[in-house]
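Structure first, commentary second.
The values are calculated or read from the model by the stated rules, or taken from the named source; none is laboratory data. Being a predicted model, the structure only gives us computed values, none of them experimental. Glycine gets a Cβ as well: all are built from the backbone with ideal geometry, and neighbour counts include every protein chain shown. Protein only, heavy atoms only, side chains kept; ligands, DNA and RNA dropped before computing areas. Shrake-Rupley method; radii C 1.70, N 1.55, O 1.52, S 1.80 Å.
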Amino acid sequence: MLDLARLRALHAVSVHGTVGAAAAALGYTPSAVSQQIAKLERETRTTLLERRGRGVRLTEEAEQLVVTAQELLAIVERAEVRLEERRGEPAGRLDIACFASAARGLMPSVLAELAGRHPELDARLQEVDPHLSVELVARGAVDLAVAHDWDIAPLPVPQGVEHADIGTDLCDVLVPAGHPLAGRAALRREDLAAERWISQPPGTVCHDWLVRTLRATGSEPLIVHRAEENHTQVALVAAGLGIALAPRLGRGALPDGVRAVRLEPVPSRRLRALWRMGAARRPAITETVRTLVRHWPRVAGDRAA
């Protein structure tokens with residue numbers, strides 16, 4: 001008889017790529033995950049993981065076992081959904097993946113309300129890039145994702161995943177206070193062609209949007225600094241090292257050395273909640289989505305100025 005906890009550990013390694021990342025997602029230690037997989041290897045008399053440098057690779061037998069594990073975990077999820085639905089109250093563990101600025105600007109109040117109103121619900125948050133978070137939902141690694149896409153870079157939604165719109169976040173160009181563009185009431189994309197940019201790393205949604213937008217005007221963006229955190233980008237702008245495009249959500253008050261200038265047309269990104277179809281009736285999902293939508297007007301209002 002295969003142990004479900006051990007199959008879950010193997011599935012997590014498949015999804016997250018390393019034992020350490022799988023352990024973080026499951027709330028275990030890396031050694032605990034390694035022990036679970038070692039026991040599964042003894043049970044199946046099969047080698048499941050092979051060392052590759054500092055990481056591991058799943059064997060072909062492990063890949064086949066992961067398919068079975070995913071099917072079993074889906075069955076367990078359906079059973080849990082039915083039980084929770086019968087109770088009618090949000091309960092159990094709810095793993096949420098969310099991008100950084102929403103984790104900072106939106107999720108604290110949402111999670112606090114859920115904890116206060118539904119003490120049987122154990123909601124847990126992890127920061128994840130939007131593209132990855134959607135894939136984690138589709139593969140059953142998390143229950144709910146809060147992701148975003150830009151007006152010219154839609155976020156693909158895999159088959160079997162449902163979504164609801166939370167709201168629209170607007171963006172501004174951040175420039176040093178002494179910059180020639182700082183006194184402008186508004187900017188056009190063509191005004192930005194010769195600027196030195198501070199951006200998120202390649203492969204992120206924000207970086208891709210910036211590159212696509214400036215290329216559409218016939219110019220290649222000169223990205224001189226790359227930083228994942230918005231606060232780091234703001235600090236680099238304040239030091240006079242370049243300009244940046246920054247969403248309003250989670251940005252916080254700007255320092256004296258930075259000015260936010262409106263870009264026309266205004267760049268926007270749409271926030272979405274995503275979950276698997278099989279969990280659509282789970283009270284924990286429906287209540288969390290309702291709470292996200294309910295909190296958005298307050299958060300958006302704080303960033304409207």
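Residues in segment 1-59 that are among the hydroxyl-bearing types (Ser, Thr, Tyr), out of contact with any Lys or Arg (no Cβ under 9 Å at 6 or more places or on another chain) and not in a helix (DSSP H, G or I): Tyr28, Thr29, Thr46, Thr47, Thr59.
Restricting attention to segment 66-88, the residues being charged (D, E, K, R), over 15 Å from Asp143 (Cα atoms) and touching a strand residue (DSSP E or B) at 6+ places or on another chain (Cβ under 8 Å) number 0. Only one of the listed residues (Val137, Val110) is in contact with a helix residue (DSSP H, G or I) (Cβ under 9 Å, 6 or more places away or on another chain), among the β-branched types (Val, Ile, Thr), open to solvent by less than 30 Å² (accessible area, probe 1.4 Å) and assigned to a helix (DSSP H, G or I). That residue is Val110. Go through the residues of segment 199-207 one by one and say whether even a single one is touching a residue at least 24 places away in the same chain (Cβ under 8 Å) and over 19 Å from the mean Cα position of the chain (by Cα). Within segment 199-207 (the criterion being touching a residue at least 24 places away in the same chain (Cβ under 8 Å) and over 19 Å from the mean Cα position of the chain (by Cα)), the answer is no, since none of the residues qualifies. Scanning segment 86-107 for residues being in a loop (DSSP other than H, G, I, E, B) and open to solvent by 50 Å² or more (accessible area, probe 1.4 Å) gives a total of 1. Condition check: at pLDDT 90 or above, hydrophobic (A, V, I, L, M, F, W, C) and touching a Ser or Thr at 6+ places or on another chain (Cβ under 9 Å). Does Ala123 satisfy that? Here the answer is yes, as Ala123 does meet what is asked. A count restricted to segment 3-40 and to residues that are open to solvent by 50 Å² or more (accessible area, probe 1.4 Å) and farther than 20 Å from Gly140 by Cβ stands at 6. Identify, please: which residue in segment 251-264 is in contact with a strand residue (DSSP E or B) (Cβ under 9 Å, 6 or more places away or on another chain) and assigned to a loop (DSSP other than H, G, I, E, B) and is, among those, most open to solvent (accessible area, probe 1.4 Å)? The selected residue is Leu254.
Annotation note: Cβ proximity below 8 Å between a residue of segment 28-53 that is farther than 17 Å from Ala12 by Cα and a residue that is open to solvent by 70 Å² or more (accessible area, probe 1.4 Å) and part of a loop (DSSP other than H, G, I, E, B) (sequence gap 6+ or interchain) occurs for Glu43/Leu2; Thr44/Leu2.
For segment 267-305, the set of residues classified as out of contact with any His (no Cβ under 7 Å at 6 or more places or on another chain), open to solvent by less than 10 Å² (accessible area, probe 1.4 Å) and modelled with pLDDT of 90 or more consists of Ala284, Ile285, Thr288, Thr291, Leu292, listed by residue number.
Taken over segment 123-134, the criterion of being free of Cβ contacts under 8 Å to residues at least 60 places away in the same chain and more than 11 Å from Cys98 (Cβ to Cβ) is satisfied by Leu132 alone.
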